[in-house]
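Quick notes on the structure that follows.
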Amino acid sequence: MNKRQHLYLGCFLNRIAMTYHCHPLKASPLHVLKDFFGYAPPAYHIKAFDEFCLAALHDSYCWHRGSPGNALYYGEQLELLIEAAYLLYWKPHRYKICLEKQAAFLQTFFNYASLCEWKKRHHAFTSAAVSKSSVADELAAAVIYEHTAYFKKLVTVAAAIVSAS
């Protein structure tokens, strides 16, 4: 990877850089995932993600897990999940991911949409979750469905990666 590509990738991994105070390519995605699941188990995250998506779909504010700041914080945690998954996808051998199914899913996940596209969609969900607008105003119904289905699977796959490491 040349220096330009290195800088380009680093700017799309800004949540890791801001949270872990380091260059994102030097952060350990396994550490990020362990922190994510150290907070709560996969079943909790899937339930919280469902509620996050429901809040994003309503055309009125309806986040019920505390203040809007809680929704923003959870959105940041989900963004960290995307970025950590990307680092694992980008160099699976570097992080010793030898789980064939999980590596195959990460390949499918980022072939379906690029890192940039995942983050754009996620930001649309986050903005809608804390406002009086619906993500349905921004994204097509098929994209919303696929986004939520892929994301739930990502939580499950990331949990399997953590438990195997």
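Footprinting exposure proxy ranking of TRP90, TRP118, fewest other C-beta atoms within 10 angstrom first, gives TRP90, TRP118. Here the Karplus curve 6.51 cos²θ - 1.76 cosθ + 1.60, taken at θ = phi - 60°, turns the phi angles of segment 108-114 into couplings of 5, 4, 8, 7, 5, 8, 6 Hz, with x standing for Gly and Pro. Place +1 on the Cβ of every Lys and Arg and -1 on the Cβ of every Asp and Glu in segment 28-164, take the dipole about the Cα centre, and give the residue among ALA136, ASN70, ALA160 whose Cα lies farthest towards its positive end. Farthest along the dipole direction, towards plus: ALA160. Sequentially through segment 34-48, phi angles give Karplus couplings (6.51, -1.76, 1.60; θ = phi - 60°) of 4, 4, 4, 7, x, 6, 6, x, x, 4, 5, 5, 5, 5, 5 Hz, Gly and Pro residues having no value and appearing as x. Over all other residues within a Cβ to Cβ distance under 15 Å of TRP63, the charged ones net out to -1, with Lys and Arg as +1 and Asp and Glu as -1. Here the Karplus relation 6.51 cos²θ - 1.76 cosθ + 1.60, evaluated at θ = phi - 60°, turns the backbone of segment 144-151 into coupling constants of 4, 4, 5, 4, 5, 5, 4, 5 Hz, with x for every Gly and Pro. Any idea what log10 I(q)/I(0) is at q = 0.13 Å⁻¹ for segment 28-164, Debye with uniform C-alpha scatterers and no solvent? Scattering profile of segment 28-164, log10 relative to I(0): -0.52.
Bear in mind these aren't lab numbers, they're just calculated from the coordinates by the rules spelled out. Keep in mind that this is a model prediction, so the values were computed, not measured. So basically every Cβ, Gly included, is an ideal-geometry build from the backbone, and we count neighbours across all protein chains shown.
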